[in-house]
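Worksheet for the structure shown next.
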Amino acid sequence: MKNRVKVDLLIKNGQVVTASHKEYPARGNKMKHLEVIERGWVACAGDKIVAVGSEEEVSAAVEIGEKTQVIDATNQVVSPGLIDPHTHLVFGGSREDEFYRRAQGADYMDIMRSGGGIASSVRATRATPLEDLVASARQRLNWMLRMGVTTVECKSGYGLDLDTELKQLEAVRILQGSQPIELVSTFLGAHAWPGEFKDDHQGYLDFLVEIALPRIRNEGLAEYVDVFTEKGVFSVEQSRRIFQKASELGFKLRVHADEMHTLGGAELAAEMGMSSADHLLMVSEQGIKALSESDVIPILLPGTAFALRKPYAPARKMLDAGLPLALATDFNPGSSPTANLALVMSIACIHMAMTPEEVFNAVTINAAHSLGRSNRLGSIEVGKQADLVLFDVDNYRKIPYFFGVNLVTKVIKRGQLV
Ligand code: NIG
Ligand code: FE
């Protein structure tokens, strides 16, 4: 009994819920399954989980002393910190005017074509100083943290010129480490055609490939590159050119695929070995097949279908094809202004017929995997980072069931109660 690890933080007697161990991502039967420990204990030292199990197992494995901070989780669920793998976090202004217009029947793409939509957020983001972008994004991250989210992917794409794209990515860099949530940065310069290039698409593609991508790579400002591959936005061919260059430069890839139209974004993701293909409301049978023969994580964003009154992505078909789905909010000022990932889990259960087990795997281990972080994040296992959330219910199935209610009581990031 000597040299046992001294525990800094102990969470005891909760219903400990986590993705099954070792093999990531979760797909097929694994996706239908969660490990559950009733009256479970989780011990953390520094930023790591050092023991998980029953009271007997944990007390035998590690040293619980006077200095150990103890949290009683009786009648609460203890889950891995939730991971939101697709957001447009940093933007200036807001677009509640379009919310009114859509309520009266206007369509998202029509608003975009008439100069609103993304273009309106581009104008506002260009006009907003860096420190104000940081302040508003910090407030949004605080909303997310209070809802149990401990890791967030953030895309640029409301600049569409070098200075503003850099300003958005710089905002993410400033926020990384100056608040508790871990951020993953993605360059989405190909989010729309900027007004300056409306008659010169080739010119904007040249700018992205020859100037923006190398500069962002050199400055280490993004880990991923994303493109809005969509009818009237970036074609599959145009997207491929951007992705090819990004890949050569060492970026990893994600894509807005088959959101409003069936265009072949899923197939492109499979062809290029991307980390994720996101949205997929209009994915084809062929697209599903291509994904099932690849390692791409399909990320579904049902908050967007909900807010735009669009058909939901065919989640059951994809699950039956063995795809390791993840879920995200798509938090953005237009199509999905929600920071509530637990609500997205509920919408996925209600409208896409996913089970509570599947949605938990989707926002923990599979979301982590899509961000290249499943070795460190996304499950409660010895050796992993201590990112944990406590919910004020005694059974994880009640979390998506009580939809829209924020049940989070405590959030632990890197072993620290935040
Ligand atoms: O993921 N689809 C493109 N981009 C965002 C919406 C951005 C916006 O409306 O500002 C999305 O839905
Ligand atoms: Fe998006």
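The values are calculated or read from the model by the stated rules, or taken from the named source; none is laboratory data. This is a predicted model, so every value here is computed, not measured. Here Cβ is always computed from backbone atoms with ideal geometry, including for glycine, and neighbour counts include all displayed protein chains. Heavy atoms of the whole protein, side chains included, go into the accessibility calculation; ligands, DNA and RNA do not. Shrake-Rupley method; radii C 1.70, N 1.55, O 1.52, S 1.80 Å.
See the values below:
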{"item": "Segment 6-26, residues that are assigned to a loop (DSSP other than H, G, I, E, B), surrounded by 15 or more Cβ atoms within 10 Å (Cβ to Cβ) and touching a helix residue (DSSP H, G or I) at 6+ places or on another chain (Cβ under 8 Å)", "result": "Ser20, Tyr24, Pro25, Ala26"}
{"item": "Lys231, sole failed condition from (1) in a helix (DSSP H, G or I); (2) surrounded by fewer than 14 Cβ atoms within 10 Å (Cβ to Cβ)", "result": "(1)"}
{"item": "Boolean, Phe91 is over 18 Å from Val389 (Cβ atoms), within 16 Å of ligand 1 (Cβ to nearest atom) and surrounded by fewer than 23 Cβ atoms within 10 Å (Cβ to Cβ)", "result": "no"}
{"item": "Those residues of segment 347-365 which are under 18 Å from Asp278 (Cα atoms), in a helix (DSSP H, G or I) and β-branched (Val, Ile, Thr), in sequence order", "result": "Ile347, Val359, Val363, Ile365"}
{"item": "Every residue from segment 55-79 that is free of Cβ contacts under 8 Å to residues at least 12 places away in the same chain and of a type in the set (A, V, I, L, M)", "result": "Ala60"}
{"item": "Any hit, segment 247-267, residues being within 16 Å of ligand 2 (Cβ to nearest atom), part of a helix (DSSP H, G or I) and touching a strand residue (DSSP E or B) at 6+ places or on another chain (Cβ under 6 Å)", "result": "yes"}
{"item": "Among residues of segment 234-265, those that are among the small types (Gly, Ala, Ser) and buried (at least 24 other Cβ atoms within 10 Å of the Cβ), counted", "result": "4"}
{"item": "Selection count where residues are in a helix (DSSP H, G or I), away from ligand 2 (no atom under 12 Å from the Cβ) and among the hydroxyl-bearing types (Ser, Thr, Tyr), scope segment 301-346", "result": "1"}
{"item": "Search result, residues across segment 111-160 that are among the acidic types (Asp, Glu) and crowded, with 18+ Cβ neighbours inside 10 Å", "result": "Glu153"}
{"item": "Contacts under 8 angstrom Cβ, first residue in segment 226-245 being over 16 Å from Gly157 (Cα atoms) and without any contact (Cβ under 8 Å) to a residue 60 or more places away in the chain, partner open to solvent by 10 Å² or more (accessible area, probe 1.4 Å) and not in a helix (DSSP H, G or I), 6 or more apart", "result": "Lys231/Met260; Lys231/His261; Lys231/Leu263; Ser235/Leu263; Val236/Leu263; Val236/Gly264; Arg240/Met272; Gln244/Met272"}
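Rundown of residues vs (1) aliphatic (A, V, I, L, M); (2) open to solvent by less than 10 Å² (accessible area, probe 1.4 Å), yes/no style:
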position: Arg316; (1), (2): no, no
position: Ala342; (1), (2): yes, no
position: Met345; (1), (2): yes, yes
position: His351; (1), (2): no, no
position: Val359; (1), (2): yes, yes
position: Asn366; (1), (2): no, yes
position: Arg376; (1), (2): no, no
position: Val389; (1), (2): yes, yes
position: Asn395; (1), (2): no, no
